[in-house]
Structures are given as C-alpha cells and as structure tokens.
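The next block holds one structure in the form of structure tokens; read it before the comments.
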C-alpha cells in the first residue's frame, strides 16, 4: 500500500460507508458477516491453490472480509464507536446489566448522526490499519485498527481509557461478589455493574487456558490440512452469530484460532500463497503442528483475558479483547520470524 491510499477520496468514501454500515446493523453482526466472507474467501483460495483449472484471482478475504466493506477495523470499529456515541447522547433506552455503550450486538438503525459517527470512525480504523500495513509494522494491522479506533472513540467522547486505577485493573472480585459499587470502591457508570467481565462465562484463567488449547489444536490442524491461516478464524467468527441471537454461553475463540493457525504456517519455510497441504506435510510433522497450535491458542486466550481485565471490565465502552490479543500474538509471531525462530511470519507483515 502507498501512503496516497490514506487520502484516496474513493477509499475514504468506502471506509465511511463501511463504518456507517457497521453502526446500522451493529458491530458484532457486521463482524459475523466478515467471518462468513472469510470462510468463503479461504475456500475459494484453497481451490485456486490446489486445482489446475483457470479460476479468476479474487482476494475475497483481503478485499471484502478484511477490507473497507466488512473489515473489523472499519465496520466493527465504526459500530462500537457509534454505540458509544449513542449512549452518550441518551439514544439507548433499553435495560441492561451492562453499560449501554458496550452493547455491540445491537443495530442502531438509520439515525443520521449515529451513522455519520460510525462512518467517521470507520475512516479512523482504515487510517490506522493502512498506516500500519504501509510501514510494515510486524503485527496484524486490522486488529490494531480495531484497538486504536476504540481508544480514539473513548478519548473523543470523554470516556475513561481503562476506567479504574492500575491497582484494580485485574480485579474481578466485585463481579464475583455481585457487589453494588460504593463511593471510593470501584467505578460506577451508567447504572451498570461496577465490574463487568466481557463474557461472564469465560473469564477464569484456567478456563480460557484450556479453551485456548482446544481451539488452538483445531486451528493448527485445519491450517495443516488446508494451508489457510484464516479458515478456523472465520469459522469461529461465524459462531458469534449465535451470540447475536442470544444463545447462552457461546465462547468467543477467534483470537485463539488465528495465532494457532498462523504459528503453524510460520513454521513452514514457504510463501503463504504457495502453501498446499502436501507442502506443509513435507515440512512439518502433524504432532508439531498440533503442539504449536495448542501453545499459541492458549496464549491467545490468556492475552484476551488480560486485555478484557485491563481495557474492558472496568471501562464504559467496548474495546475488543480478542483484537487486543491478536495484536499481541501477531507481534510475537513477527518478532520470532525476525529473530529466525520461525522461517516465515505467514501473513504477518515484516519490515
């Protein structure tokens, strides 16, 4: 990407529209659509790599799922900013145990100023991700765009960046005791619980460690069989449609699946676009792939939990813990590649 893309009128218009769309349908619903497109795109790419038939070269994953149409840095980030804005304006009139500005599962309809705010932060996320990719920061530019956009909307709308003092960042005990916030104890805002875990059924360290290992094994296995770093990620994101539908206790696992699959492919000394199941099998035993997957899946889960305790549980708006985790795990994979531990970085940009 060139720096000129940062100011391309056409790309800015598309990013604005993507962010406004995320506001209209809701941040998480737009993300589930991105997951669906990832699955479609990765299957299409797999057919391209493994068949001799003339198939048009269309990057569905990169241009649609991770581009300005449904890219989380644009649509999800725009939707999260829009719901934070709508809560600040008093537009949200539903009852919830959680701060209203964290309700990323709901759509916001067609109110012009809300759509405009989603569009503006769609551009912010697009700028962050494009700049990161242009400068070849060794981490996931899309995830960085999601995190940077969330920090930006908190600053712009006057929300606290983390919501509590450093000594209390990891403290989940008020939620566990179901305490009511008291003056001088923990932060109380907008009538919500004083401490709100991102997922009340998925926040204990041992639980996310085990879940990460399980998902990581699956992510590593699918990457080993297909050469795709994103297919298990896409499947995990599609599952989030059940969260939008209100099905209880659905785990969120894409931040576990992605580093697991990526680490397996980074262990193969071949360009990502040329990877086939045969290439991977000749370079890496399946046992090592599963072990790598379990290790990086567990790490993704633990870092996601750390991020939710630092940036979500005590704060007032949605800063996505999985995106923060992916920033960290992709950076680790990039650093390991630069240090020569991994022969490649898979899809992670390298300077």
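The values are calculated or read from the model by the stated rules, or taken from the named source; none is laboratory data. Keep in mind that what you see is a predicted model, and the values were worked out from it rather than measured. For neighbour counting, all protein chains shown are included, and Cβ atoms are generated from backbone atoms with ideal geometry for every residue, glycine included.
Brief remarks follow.
- Flag if residue 75 is farther than 25 Å from residue 334 by Cα, buried (at least 23 other Cβ atoms within 10 Å of the Cβ), within 16 Å of the chain's Cα centre (by Cα) and free of Cβ contacts under 8 Å to residues at least 60 places away in the same chain: yes
- Criterion: assigned to a helix (DSSP H, G or I), within 29 Å of residue 156 (Cα to Cα) and modelled with pLDDT of 95 or more - qualifying residue of 294, 328, 289: 328
- Taken over region 210-235, residues that are surrounded by 24 or more Cβ atoms within 10 Å (Cβ to Cβ) and closer than 16 Å to residue 36 by Cα amount to 7.
- Residue that is modelled with pLDDT of 95 or more, within 30 Å of residue 228 (Cβ to Cβ) and part of a helix (DSSP H, G or I), where the choices are 40, 114: 40
- Taking (1) surrounded by fewer than 21 Cβ atoms within 10 Å (Cβ to Cβ); (2) farther than 29 Å from residue 198 by Cα; (3) within 18 Å of the chain's Cα centre (by Cα) in turn, residue 36 satisfies each apart from (2).
- Only residues that are in contact (Cβ under 8 Å) with a residue 24 or more places away in the chain and touching a helix residue (DSSP H, G or I) at 6+ places or on another chain (Cβ under 6 Å) were counted across region 303-318, and they come to 8.
- Single residue of 321, 277 found to be crowded, with 17+ Cβ neighbours inside 10 Å and touching a helix residue (DSSP H, G or I) at 6+ places or on another chain (Cβ under 6 Å): 321
- Criterion violated by residue 139 - all others in (1) crowded, with 16+ Cβ neighbours inside 10 Å; (2) at pLDDT 95 or above; (3) not in a loop (DSSP other than H, G, I, E, B) satisfied: (3)
- Within region 244-263, being more than 15 Å from the chain's Cα centre (by Cα) and surrounded by fewer than 24 Cβ atoms within 10 Å (Cβ to Cβ) holds for 244, 245, 246, 247, 248, 249, 250.
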